[in-house]
1. Under 6 Å by Cβ, and 6 or more places apart or on different chains, what pairs join a residue from segment 72-84 that is under 20 Å from residue 48 (Cβ atoms) and without any contact (Cβ under 8 Å) to a residue 24 or more places away in the chain with one that is of a type in the set (Gly, Ala, Ser) and assigned to a strand (DSSP E or B)?
2. Of the residues 20, 59, 3, 7, only one is at pLDDT below 50 and either in a strand (DSSP E or B) or surrounded by 10 or more Cβ atoms within 10 Å (Cβ to Cβ) (or both); which?
3. Within segment 60-81, does at least one residue satisfy the condition of being acidic (Asp, Glu) and farther than 30 Å from residue 29 by Cα?
4. For residue 110, are the conditions met, namely being farther than 28 Å from residue 53 by Cα and either in contact with a strand residue (DSSP E or B) (Cβ under 6 Å, 6 or more places away or on another chain) or outside any strand (DSSP E or B) (or both)?
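The values are calculated or read from the model by the stated rules, or taken from the named source; none is laboratory data. All values reported here derive from a predicted model rather than from experimental measurement. In this analysis, Cβ positions are derived from the backbone assuming ideal geometry, glycine residues included, and neighbour counts consider all displayed protein chains.
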Amino acid sequence: MKFNLIFTIIVTFQLNIKVFSQDIPPANYTGEWIIHYDTGQIKEKRNYKNGELTGEWLFYFKNGKTEVRRYHFNGRADGEWVWYYDSGQISVKGKFIEGKKDDVWVSYYENGIISNKTLYQKGLKIRSDNFDKRGVLDKKNHPIF
């Protein structure tokens, strides 16, 4: 009787570890990896090649709409990244090159009006301009946009 109780506890513990490790694929995994909310809805879709993130990585709100769309190449951020409001409107849009922010990153108010533009070059912030809810420039530096 005592032996059965101990055995049951060990099995339960091992099952819990397996459930929690579903967010991380096995080493050298290649293919699509999908993570679900407790409700069964898809939470994330990732792509791996030999254990490294590659291609599109999508995050979803619980309502099923896309929350974030981003890209990786050989395990590093590379390509366009877009965040969305749960309404579907774009929140932030920018680009990574070889793991570093690059080019103009744009943030939006939920109504679609630009709230910020920031210029990056190889990960270094060069300039940032903020806009009010009407799209009027709040902070003036040297004009490049």
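1. Pairs that qualify, where the first residue is under 20 Å from residue 48 (Cβ atoms) and without any contact (Cβ under 8 Å) to a residue 24 or more places away in the chain and the partner is of a type in the set (Gly, Ala, Ser) and assigned to a strand (DSSP E or B), are 81/94.
2. Within the list 20, 59, 3, 7, the selection yields 7.
3. No, that holds for no residue.
4. In short, yes.
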